[in-house]
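Engineer: Quick one: this structure, given as structure tokens, is what I'll be asking you about.
The values are calculated or read from the model by the stated rules, or taken from the named source; none is laboratory data. Fair warning: this is a prediction, and the values are worked out from it, not measured in the lab. Here the Cβ is made from the backbone with ideal geometry for all residues, glycine too, and neighbour counts use every protein chain on show.
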Amino acid sequence: MDFRLSEEQEAFLDSVRAFAREHVEPGVLERDRAGTWDWDVWKQVAGFGLAGLPVPEEYGGSGADVLTTGLALEGLAYGGRDAGLNLSLGAHLTIGAMPIALHGTEEQKQRWLPRLAAGETVGAFAITEPEAGPDTAGMKTRAERHGDTYVLNGTKTFITNGSLAEVVTVIARTDPDAPAGQAFTAFLVETGTPGFEVSKELRKLGNRTSPTVELSLTDVEVHESQILGDVGTALWRIGFECFDWERCVMVASAIGSMQRDLEESVRYAQEREAFGKPIGRFGAIQHKVAQMRLRLEIARLLQRQAAWMKDEGIEHSTEAAMAKAYIGEAGVESALDAIQLHGGWGYVDEFHVERSLRDAKLAGIGGGSTEIQEMIIARTLLG
Ligand SMILES: Cc1cc2nc3c(=O)[nH]c(=O)nc-3n(C[C@H](O)[C@H](O)[C@H](O)COP(=O)(O)OP(=O)(O)OC[C@H]3O[C@@H](n4cnc5c(N)ncnc54)[C@H](O)[C@@H]3O)c2cc1C
């Protein structure tokens, strides 16, 4: 058994880290303070080839595997320290572009994938509703058939990139009476369609450089050619698959942040003196960096195991849930340690670690909360 990355994978990770330090990290503090999305940074990311990573080559992507896509997010988070950008890119790739790549008709793929892969538009996926988060079967958004069109009505909330996208995959109920596995259908809704509206911009604790919005759909007419996948099967076949991508891949962003914070903390512990010696000589500080290292290692092993299993086509729902459950909590613990180790400077935004804490909290909430992951893990044990 060899847990190491190949030379090619290591080189790729290093190149993303270096790119992000040069092109993403500058200005991140100001972007976070302003809470703004930055198209120029996005264009640099796309220009570096990250916007189409897992998209098949024939549609303008790189055809990268799941593990490599995770490495890109890890490297970007490490070098760029812009968790919001990571959130937007992760959503763009895994729940924006991939559902189209995996379930789209040839026409849908030709229409959207080259533009998504080039970063000319940003992908988005809308399943969550004000009254239906992980309880997805409770979704109320309706799509009623009228001839060869469907009319959509409802509200989606917490939608990453919803204000940037030209097309959003919207999950809606097409059969009011059918069980959940046959009741929901995915639609590729163009955001310029009459009745489609960004009804609210949400201000957040962290990940502030990524837009999160509420979308309202009022009598939005969508042609049946805009159905993604099969009628009725979207919850199982597309929704749950998206959650799987989030668990296996998007959590890699947190690993990059954990590593960067650890390295910054070690440097600070070696330089900062108290009582006549570097604080790194105190046992209490050594305990913190040791715990941060330990969490980083466990997080990385869990995420790469889940990504590798997904690449190999091995059933991995428990492993993916373990990765997400662990990283969601460990990221927060490590950010807290980094703040404590930095003392007063840890509480001030210019030292960046306070942002890590605000950003890290999302991994235990979005894409299925820690409690939901624990439920998945427990089910395999208790039935
Ligand atoms: C920044 C951000 C970006 C997001 N991006 C997207 C996106 O792009 N697209 C999208 O569709 N959604 C997105 N989401 C939504 C996200 O996936 C949901 O917020 C998440 O699934 C939790 O749903 P909820 O907020 O409705 O929580 P609720 O379901 O209201 O949960 C509240 C609490 O109850 C707990 N709970 C719920 N059910 C159970 C249970 N059975 N057992 C134990 N505890 C339980 C939860 O863990 C949580 O602690 C995003 C959210 C955020 C914050």
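Engineer: Right, Val266: among the β-branched types (Val, Ile, Thr), in contact with a Leu (Cβ under 8 Å, 6 or more places away or on another chain), in a helix (DSSP H, G or I) and modelled with pLDDT of 95 or more or not?
Structural biologist: No: the conditions fail for Val266.
Engineer: May I ask you to list pairs of residues, at least six apart or on different chains, whose Cβ atoms are under 6 Å apart, with the first in region 147-168 being within 18 Å of Gly119 (Cα to Cα) and the second being among the charged types (D, E, K, R)?
Structural biologist: Within 6 Å, the pairs are Val167/Glu190.
Engineer: Just need a number here: residues in region 105-125 that are touching a Lys or Arg at 6+ places or on another chain (Cβ under 9 Å) and crowded, with 21+ Cβ neighbours inside 10 Å.
Structural biologist: Count: 1.
Engineer: In region 331-354, is there at least one residue being in contact (Cβ under 8 Å) with a residue 12 or more places away in the chain, closer than 23 Å to Ile279 by Cα, touching a Lys or Arg at 6+ places or on another chain (Cβ under 7 Å) and among the small types (Gly, Ala, Ser)?
Structural biologist: Yes, some residue in region 331-354 is in contact (Cβ under 8 Å) with a residue 12 or more places away in the chain, closer than 23 Å to Ile279 by Cα, touching a Lys or Arg at 6+ places or on another chain (Cβ under 7 Å) and among the small types (Gly, Ala, Ser).
Engineer: Yes or no: Ala97 away from the ligand (no atom under 12 Å from the Cβ) and farther than 20 Å from Lys204 by Cβ?
Structural biologist: Criteria met by Ala97.
Engineer: Of the residues that make up region 233-254, is at least one under 30 Å from Leu67 (Cβ atoms), over 18 Å from the mean Cα position of the chain (by Cα) and part of a loop (DSSP other than H, G, I, E, B)? Show your work before the answer.
Structural biologist: Taking region 233-254 and keeping what is under 30 Å from Leu67 (Cβ atoms), we get 233-254.
Now restrict to residues that are over 18 Å from the mean Cα position of the chain (by Cα): 233-237.
Still in the list and also part of a loop (DSSP other than H, G, I, E, B): none.
No, because not a single residue in region 233-254 is under 30 Å from Leu67 (Cβ atoms), over 18 Å from the mean Cα position of the chain (by Cα) and part of a loop (DSSP other than H, G, I, E, B).
Engineer: How do the strands (runs of 3 or more DSSP E) wholly within region 110-163 filter down when requiring 3 or more residues that are within 12 Å of the ligand (Cβ to nearest atom) and either over 30 Å from Glu57 (Cα atoms) or not charged (D, E, K, R) (or both): which remain?
Structural biologist: On the way: elements: 124-126, 142-146, 149-160.
Filter on region 110-163 gives 124-126, 149-160.
Engineer: Separate question: Look through region 100-109, keep the residues that are assigned to a helix (DSSP H, G or I) and either out of contact with any Asp or Glu (no Cβ under 8 Å at 6 or more places or on another chain) or within 8 Å of the ligand (Cβ to nearest atom) (or both), and return whichever of them is nearest to Gln182 (Cα to Cα).
Structural biologist: Here is the first cut: in region 100-109, the residues assigned to a helix (DSSP H, G or I) are 100-103, 106-109.
Now restrict to residues that are either out of contact with any Asp or Glu (no Cβ under 8 Å at 6 or more places or on another chain) or within 8 Å of the ligand (Cβ to nearest atom) (or both): 100-101, 103, 106-109.
Numbers: Ile100: 20, Ala101: 22, His103: 16, Glu106: 24, Glu107: 25, Gln108: 23, Lys109: 24 Å.
Among them, the one singled out is His103.
Engineer: Taking region 126-179 as the search range and keeping residues that are acidic (Asp, Glu) and closer than 20 Å to Glu197 by Cβ, which one is surrounded by the fewest Cβ atoms within 10 Å (Cβ to Cβ)?
Structural biologist: So the residue we want is Glu131.
Engineer: While we're here: Could you grab me the full set of residues in region 328-383 that are assigned to a loop (DSSP other than H, G, I, E, B) and more than 11 Å from the ligand (Cβ to nearest atom)?
Structural biologist: His342, Val348, His352, Gly383
Engineer: Another question, then. Any idea which of Leu301, Leu336, Leu362 is modelled with pLDDT of 95 or more and crowded, with 22+ Cβ neighbours inside 10 Å?
Structural biologist: Leu362
Engineer: Further question: When both residues are 6+ apart or on different chains and their Cβ atoms are under 9 Å apart, which pairs have a first residue that lies in region 67-93 and is within 22 Å of Phe158 (Cβ to Cβ) and surrounded by 24 or more Cβ atoms within 10 Å (Cβ to Cβ), and a second that is of a type in the set (Phe, Trp, Tyr) and at pLDDT below 95?
Structural biologist: Gly90/Trp245; Leu93/Trp245
Engineer: Which residue pairs have Cβ atoms closer than 6 Å, lie 6 or more positions apart in sequence or on different chains, and pair a first residue in region 43-66 that is outside the structural domain of Lys109 (by TED's automatic domain parsing) with a second residue that is crowded, with 18+ Cβ neighbours inside 10 Å and among the acidic types (Asp, Glu)?
Structural biologist: none
So that you can scan it fast, the table gives a plain yes or no per residue for (1) at positive phi; (2) touching a Lys or Arg at 6+ places or on another chain (Cβ under 7 Å); (3) surrounded by 24 or more Cβ atoms within 10 Å (Cβ to Cβ):
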{"site": "Val213", "(1), (2), (3)": "no, yes, no"}
{"site": "Ile238", "(1), (2), (3)": "no, no, yes"}
{"site": "Glu246", "(1), (2), (3)": "no, no, no"}
{"site": "Leu262", "(1), (2), (3)": "no, yes, no"}
{"site": "Arg293", "(1), (2), (3)": "no, no, no"}
{"site": "Ala306", "(1), (2), (3)": "no, yes, yes"}
{"site": "Glu315", "(1), (2), (3)": "no, no, no"}
